[in-house]
Each structure stands twice: as C-alpha cells, then as structure tokens.
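Read the figures in this text as sums done on the coordinates, not as results from a lab. Because the structure is predicted, anything quoted here is derived from the model rather than measured. In this analysis, Cβ positions are derived from the backbone assuming ideal geometry, glycine residues included, and neighbour counts consider all displayed protein chains.
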Amino acid sequence: MEPVVYHVVPHGEEWAVKKEGADQASRVASTQADAIVLAERFARNQAPGRVVIHGENGTIEAQHTFDRGSALVEARSWTRAVGQPAVWTGVALAIGVGALAWLALRNDGLSRVQELRRRRG
C-alpha cells in the first residue's frame, strides 16, 4: 500500500497542510509547528503515511514517516542527523582508529630504526 503524503507548505502568512495531489489545502495553521502537528495526525490516521516539511522558501527541511501502528518510523533531516550523538561517535571512532594506526606504524618504524642502530653500534 502506498503511503499517503502530506506536505507542510507556506501559505501567505500562514502554513498549509496539503495532501499530495490535492488542489486545496486540507487545513491551514497560523504556525509551521501547528501545521506539522496537523499533518502528522492526518498521516497517522491514514498510515502508512509521510509528512514532508517545507521551509519558508519551499525547500524540503524534513520528512516523517509513519507505519500502520501510528508510530513514527523515521524522521529524516540531514541537518538534524549530523547533530546526532551517534554521528559524532562514529566520527570520533574513525579519527581514533586512524590515529592508533598511525601511531602503530610510527612506533614500528621507530623500533626498526633503533634495532638497526644497535646492530651497527
């Protein structure tokens, strides 16, 4: 079954919730946050559903997906994803592993130089 998709879009000084393919807004709210709440309610009631949140300039800021159990399955926003602790943990691990590899190679190289000096001396 295809998910029902609702878009939260600017509507003059207000925000509209539009079902994908519809000509008119399903609802209009005074703030983007209120429109998101309405869109999520619609998506949950008609799950599977998805809410696509647009910014003031019309670009997509985030997407929320809901399954039949009315639970939020996935909230995708690259700006939010980068700020997640798991992302920073991964970055820290990558840096740490790289640093350990460099130290191991460096120390191994130093050990060989010291061994050669001992043999000569």
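Just a few scattered comments:
- Remark on residue 46: its backbone amide H falls under 5 Å from none of the residues 5 or more positions apart or on other chains, H modelled at 1.01 Å from N.
- Virtual spin-label span in nm between residue 59 and residue 93, 7 Å along Cα→Cβ: 3.1 nm
- Close amide H partners of residue 5, meaning residues 5 or more places away or on another chain with modelled amide H under 5 Å apart, are 20, 50.
- Computed extension length for residue 68-residue 13: 16.5 nm, one decimal, from 0.36 nm per residue of separation with the Cα-Cα distance subtracted.
- Proximity of backbone amide H atoms, modeled 1.01 Å from N, is registered between residue 26 and 17, 18, 19 at under 5 Å, excluding neighbours fewer than 5 places apart on the same chain.
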